[in-house]
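Notes follow once the structure below has been shown.
The values are calculated or read from the model by the stated rules, or taken from the named source; none is laboratory data. Please read these numbers as outputs of a predicted model, since none were measured by experiment. Backbone-built Cβ (ideal geometry, glycine too); neighbour counts: all protein chains shown.
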Amino acid sequence: MAVASLVLGIISTIWGVILPSKIIGAIIGIVGIVLGAVVKKNDPSNGMATAGLVLSVIGTVLCLIISVACAAACGACGALF
Amino acid sequence: MEERMHLYIEFLGREIPTYSVMILLGGITANLLALYFVKRDHLNLYDMIILEAYIVLGGALGAKGLFLWVNRDRIDWSRFFEPEYFDLLMKAGLVFYGGLLGGLFMVFLCKIIHHIEVERYVRTLCFSIPWVHAFGRVGCFMAGCCYGIPYSGPGAVVFPEDCYAPAGISLFPIQLLEAGCLMLLALFLLYLSIRGKYTYTLEVYLVLYAVLRFFLEELRYDSDRGYMGPFSTSQWISIILLILSAYLFWKQKRVQIETKNI
């Protein structure tokens with residue numbers, strides 16, 4: 001699970017920087033956070049889980065901060081409707 | 001002086017939506033406060049992180065889901081899986097109540113999957129919901145979205161051209177009013193938690209926010225309110241939350257009585 005958390009953290013971080021549809025990157029990052037935290041709860045000294053948790057948090061924040069926007073949304077609303 | 005709403009903040013050559021920055025600030029400060037309670041009450045930090053991850057996921061999906069449902073007649077569903085159209089849909093708005101309901105559902109799911117004592121965390125850290133929400137509403141004001149009704153009394157605001165609010169019209173500063181009310185609510189809940197009186201914090205939050213939202217909805221003038229009969233979608237959800245709060249209060253009262261009798 002620590003490896004999975006690290007992989008998901010890397011993916012969500014890259015997704016937050018490069019790829020579109022960032023809500024998908026955010027979901028990947030959140031899953032990475034949960035996996036990393038579950039491992040850390042049972043093994044606080046697990047370094048890989050720490051790295052996975054940190055990267056997943058960074059990736060999730062990157063994805064959410066760029067995609068979740070009430071007013072930036074409004075520009076998108078105009079384009080949609 | 002040139003007036004310009006702060007729709008975006010430039011950071012390292014990239015435009016970041018102001019709303020997102022405010023939400024992030026609210027989230028960081030709320031988590032710092034939460035860490036104080038984790039330490040003081042000997043809660044498990046990783047349980048809090050897991051629960052928070054579930055809530056953020058439920059909140060994002062719920063807020064987006066309710067937005068899509070409210071706008072279901074205006075969306076071209078045949079294009080849903082086109083990457084560009086999907087991207088626009090994902091950026092095109094959120095509804096707070098959807099996020100709240102999604103978050104509450106994920107709390108329940110987290111309890112089942114991870115066997116975490118979620119009630120203790122939710123009740124102790126309940127202040128963080130209106131806290132982050134208040135920051136978000138300030139973000140709304142800075143960007144000009146979720147604007148109020150036409151109004152020319154004290155505190156009226158006139159938004160310029162480059163934002164979502166109609167330009168040049170004097171409007172009620174509903175975003176700031178709601179941000180102020182939410183922060184007062186957050187501080188009250190924070191006070192209850194500091195005093196260790198968190199037994200009914202969730203019910204207090206749901207009742208007070210439902211009443212606040214029901215009446216403030218009348219002062220909102222932005223489109224896409226999603227009306228069903230006499231009330232908007234959010235007003236109907238407020239009514240449902242009041243009923244839910246009454247049930248939760250009754251249930252919690254019974255738990256307290258049974259605990260005392262043991």
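Going by what's in this entry, would A:Ala51 be described as buried (at least 24 other Cβ atoms within 10 Å of the Cβ) and either within 8 Å of the chain's Cα centre (by Cα) or not basic (Lys, Arg) (or both)? It is false that A:Ala51 is buried (at least 24 other Cβ atoms within 10 Å of the Cβ) and either within 8 Å of the chain's Cα centre (by Cα) or not basic (Lys, Arg) (or both).
With respect to B:Ile112, determine if the residue is modelled with pLDDT of 85 or more and more than 10 Å from chain A (Cβ to nearest Cβ).
So B:Ile112 passes the test.
Contact map, the range B:98-126: residues that are under 19 Å from A:Val31 (Cβ atoms) paired with residues that are among the basic types (Lys, Arg) and at pLDDT 90 or above, Cβ distance under 8 Å, separation 6+ or inter-chain. Pairs shown: B:Val118/B:Lys111.
Residues are listed down the side, and each one gets a yes or a no for (1) surrounded by 13 or more Cβ atoms within 10 Å (Cβ to Cβ); (2) facing chain A (nearest Cβ under 8 Å):
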site	(1), (2)
B:Gly26	yes, no
B:Val56	yes, yes
B:Leu66	yes, no
B:Trp69	yes, no
B:Arg72	no, no
B:Leu94	yes, yes
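For the range B:118-126, the criterion of being assigned to a helix (DSSP H, G or I), facing chain A (nearest Cβ under 8 Å) and in contact with an Asp or Glu (Cβ under 8 Å, 6 or more places away or on another chain) is met by no residue. Inspection of the range B:184-200 identifies no residue that is within 14 Å of another protein chain (Cβ to nearest Cβ) and free of Cβ contacts under 8 Å to residues at least 60 places away in the same chain. From the list B:Ile237, B:Ile243, B:Ile257, which one is under 20 Å from B:Ala63 (Cα atoms), out of contact with any Lys or Arg (no Cβ under 7 Å at 6 or more places or on another chain) and among the β-branched types (Val, Ile, Thr)? Residue meeting the stated conditions: B:Ile237.
Listed here are the residues, each with its yes/no results for (1) more than 25 Å from A:Lys40 (Cβ to Cβ); (2) within 20 Å of the chain's Cα centre (by Cα); (3) buried (at least 22 other Cβ atoms within 10 Å of the Cβ).
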site: B:Ser78; (1), (2), (3): yes, no, no
site: B:Pro83; (1), (2), (3): yes, no, no
site: B:Asp87; (1), (2), (3): yes, no, no
site: B:Gly99; (1), (2), (3): yes, yes, yes
site: B:Ile112; (1), (2), (3): no, no, no
site: B:Glu117; (1), (2), (3): no, no, no
site: B:Arg123; (1), (2), (3): no, yes, no
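Residues considered: B:Leu104, B:Leu109. Of these, the only one that is closer than 19 Å to B:Ala210 by Cα, assigned to a helix (DSSP H, G or I) and not small (Gly, Ala, Ser) is B:Leu104. State all residues of the range B:198-239 that are over 30 Å from B:Tyr151 (Cα atoms) and part of a helix (DSSP H, G or I); if no residue qualifies, say none. Scanning the range B:198-239 gives B:Thr201, B:Leu202, B:Glu203, B:Val204.
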